[in-house]
1. Kirkwood Rh, Cα Rg: Rg to Rh for segment 17-68?
2. Antiparallel versus total DSSP beta bridges in the chain: what percent is that, nearest 5?
3. When the Karplus curve 6.51 cos²θ - 1.76 cosθ + 1.60 is applied with θ = phi - 60°, which whole-Hz ³J(HN,Hα) does each residue of segment 131-148 get, with x for Gly and Pro?
4. Could you order peptides 55-63, 14-22 by the average number of other Cβ atoms within 10 Å of their residues, highest first?
5. Pop a pseudo-label 7 angstrom from the Cα along the beta-carbon direction at both Asn150 and His60 and give the gap in nm to one decimal.
6. Throw me the Rg/Rh for segment 88-171, computed over C-alpha atoms with Kirkwood Rh, two decimals.
7. Note the listed values (i) 103; (ii) 120; (iii) 167, then indicate which one is volume of the Cα convex hull per residue in Å³ calculated from this particular structure.
8. Based only on Cα atoms, what mean projected area does the convex hull of segment 1-104 have, in nm²?
Amino acid sequence: MDNQTLSKTTNEHVKGKKVAILVTNGFEQSEFTEPRQALEDAGAVTTVVSLNQGPIHGMHHHTLGDHFDVDKTIHQVKCDDFDALLIPGGVANPDALRGNDDAVAFARHFVEAGKPTFAICHGPQVLITAGVVQGRTMTSYKTVKIDLENAGAHWVDKSVVVDEGLVTSRNPKDIPDFNAKMLEELAEGRH
């Protein structure tokens with residue numbers, strides 16, 4: 001099957017699927033906007049889920065980025081409302097999310113339910129706190145490697161890693177590979 005046929009088949013299976021994007025202030029903007037655009041271009045419906053209502057701001061590394069609207073707060077949603085979860089990185093975003101019990105439980109439920117879960121850069125830190133990385137093969141931003149290993153994950157230095165519906169990538173340079181695998185796993189559904 002050529003790439004164009006594969007892409008069309010994937011999009012047919014992605015259309016209408018609901019994806020929660022768990023994010024708060026300080027996320028790496030490209031790790032939010034580019035995967036979100038790929039999901040929406042493939043026909044998925046995205047919902048920005050955050051800790052509080054109101055706009056949240058992105059970052060371009062250490063420079064303030066744009067503001068984005070929140071669709072729902074963590075208190076207004078449950079895992080059953082969605083088919084998959086995306087956790088963008090950035091330094092401040094996962095740190096704030098992992099300090100919120102409801103956000104951690106939300107992420108945990110996706111992995112435990114076998115629903116596709118996508119985390120890039122520092123995003124896997126939320127999954128560490130959720131206690132769902134032990135025995136998993138994953139990647140992340142290089143400074144998160146030791147945290148993943150200490151939590152029992154097997155860390156590999158690849159642009160994208162897939163382990164039973166859990167898709168992880170290292171940094172913004174990996175977004176094209178991340179997006180391709182994200183759409184593929186979303187099309188496959190539960191694992």
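Laboratory data are not the source of any read-out in this text; all were calculated from the coordinates shown. These numbers come from a predicted model, not from an experiment. Reconstructed Cβ throughout: ideal geometry from the backbone, glycine too, with neighbour counts over all protein chains shown.
1. Values: Rg = 11.1 Å, Rh = 11.4 Å.
We get a ratio of 0.98 for segment 17-68.
2. So the antiparallel bridges amount to about 30 percent of the total.
3. Running phi through 6.51 cos²θ - 1.76 cosθ + 1.60 with θ = phi - 60° gives x, 10, 9, 4, x, 8, 9, 8, 9, 5, 4, 4, 6, 8, 3, 4, 5, 5 Hz.
4. Numbers: 55-63: 14.4, 14-22: 20.3.
Packing order, densest peptide first, comes out as 14-22, 55-63.
5. 3.4
6. Working: Rg = 11.1 Å, Rh = 12.2 Å.
Looking at segment 88-171, the ratio lands at 0.91.
7. From the options (i) 103; (ii) 120; (iii) 167, the structure gives (i).
8. Numbers: hull surface 28.2 nm².
Reported value for the Cα convex hull: 7.1 nm².
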